[in-house]
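Q: I'd like to ask you about the structure that follows.
The values are calculated or read from the model by the stated rules, or taken from the named source; none is laboratory data. Computed from a predicted structure; not experimentally measured. Positions of Cβ are backbone-derived with ideal geometry, glycine not excepted, and every protein chain shown enters the neighbour counts. When the accessible area is computed, the model is the full protein with side chains, heavy atoms only, and any ligands, DNA or RNA have been set aside. Shrake-Rupley method; radii C 1.70, N 1.55, O 1.52, S 1.80 Å.
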Amino acid sequence: MFFFDFNPYIAIIGDIMQSKQIVDRECVQKKMVQTLAKINKKYTDDIAAKFTITLGDEFQGLLSCGTNVLKIITEIENELDDVDIRFGIGVGDITTPINREIAIGADGPGYYQARRAIDYLKKSEKKKESGKANIRLAIDGKEQEATELVNVIFSLMTAMKSSWTARQREVVWKMLQNSTSQVEVASELGIRQSSVQKSLANANFYTYKEAYLTVGKVLGEIRREHV
């Protein structure tokens, strides 16, 4: 779907919303450090520069392929479920040296686009008539029509997530993470299968899953070839 005349990286910037209102900032930051360490270990094959906290309420990482972008974002969301996070996904070149151990210091269009996506989300949150989303894709190139289609899906996915209860979110994540059965999820969570089924129905899980897999497939086509 995407065709580039350069070898793109995928930059991800995460920004905690309304961070100044967090009561126990130290606890949240500690949890963020643990979560990013887990992500860096689990998705090491995809990572060009490890996810790193850049400010007290912001972090970033650099990937060489987009196969697991949504899995990474969803996992961070669920690990840090006591805060709301906006994510900017930027696709573009990196024009400075990259330190794999820390996603700080490198620069280039990939990061510019991720920052542009974050800034767009911040502005749209203030406009009552604009679609709400907590994830946005921005690409350095000509693929604007395809990019906007992905961003519309992100808006719809955000709208669905916003109505979920804590239990629904937990059940949905288990189903997405393990591609497992309702019976297995029920056993893992210590609840009845009928409770899992009800949570999935009320969360419109199968519609959400279709959107999740569709966007994941599109992002999976973005990869950096070894040069």
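Q: Please state the shape class of segment 4-51: rounded when a/c is under 1.5, otherwise prolate if a/b exceeds b/c and oblate if not, all from the C-alpha gyration tensor. Don't skip to the end; give the middle numbers.
A: Numbers: a/c = 5.55, a/b = 1.80, b/c = 3.08.
The shape class here is oblate.
Q: Follow-up. Which value in nm describes the separation of the simple spin-label points at residue 160 and residue 44, placed 7 Å from the Cα toward the beta carbon?
A: The two pseudo-label positions are separated by 3.4 nm.
Q: Right, something else. Compute the accessible area per residue over the chain, keeping the other protein chains in place, probe 1.4 Å, unit Å².
A: On a per-residue basis, 53 Å².
Q: Give me the extension gain from residue 7 to residue 201: residue separation times 0.36 nm, minus the current Cα-Cα distance, reported in nm with one decimal. Write down the numbers at each step before the final one.
A: Working: separation 194, 0.36 × 194 = 69.84 nm, distance 4.14 nm.
Using 0.36 nm per residue and subtracting the Cα-Cα distance, I get 65.7 nm.
Q: What net charge is computed for the residues neighbouring residue 94, neighbours being all others with C-beta under 14 Å from the C-beta of residue 94, Lys and Arg scored +1, Asp and Glu -1?
A: 0
Q: When the label point is put 7 Å from the Cα of residue 100 along its Cα-to-beta-carbon vector, which residues of segment 188-227 have a backbone N closer than 16 Å?
A: 224-227
Q: I'd like the accessible area for residue 95, computed on protein heavy atoms only with a 1.4 Å probe and all protein chains in place. Round to 10 Å², please.
A: Roughly 100 Å² of residue 95 is accessible to a 1.4 Å probe.
Q: Roughly what angle does helix 109-125 make with the longest principal axis of the chain, taking Cα atoms, 0 to 90 degrees, to the nearest 10?
A: Roughly 50 degrees between the two axes.
Q: Dipole of segment 76-208 (Lys/Arg Cβ +1, Asp/Glu Cβ -1, origin at the Cα centre): which of 108, 171, 159 lies farthest to the positive side?
A: Of the listed residues, the answer is 159.
Q: Here's a follow-up. Give me the angle, in degrees from 0 to 90, between the Cα long axis of helix 144-161 and the longest principal axis of the Cα atoms of the chain, rounded to the nearest 10.
A: Tilt relative to the chain: about 30 degrees.
Q: When all protein chains stay in place, what accessible area (Å², nearest 10, 1.4 Å probe) is found for residue 225?
A: Roughly 110 Å² of residue 225 is accessible to a 1.4 Å probe.
Q: Right, something else. Give 30/123; 71/161; 132/198; 38/71; 71/217; 31/209 a once-over and call out the pairs whose C-alpha atoms are over 19 Å from each other.
A: The answer is 30/123; 132/198; 31/209.
Q: Here's a follow-up. For segment 29-83, which whole-number percentage of the solvent-accessible area (1.4 Å probe, protein heavy atoms only) is attributable to carbon and sulfur atoms?
A: Answer for segment 29-83 is 47 percent, counting heavy atoms of protein chains only.
Q: Which angle from 0 to 90°, rounded to the nearest 10, does the C-alpha axis of helix 166-178 make with the longest principal axis of the chain?
A: 60
Q: As a check on your grasp of the helix formula, calculate [θ] at 222 nm for the chain: sum -39500 (n - 2.57) over DSSP H runs of n ≥ 4, divide by the residue count, round to the nearest 500.
A: When only DSSP H runs of four or more count, the value is -15500 deg cm²/dmol.
Q: A follow-up question, please. So which GluC sites (Glu not before Pro) in segment 76-130 end up in coil per DSSP with only 10 or fewer other C-beta atoms within 10 Å?
A: Filter output for segment 76-130: 101, 129.
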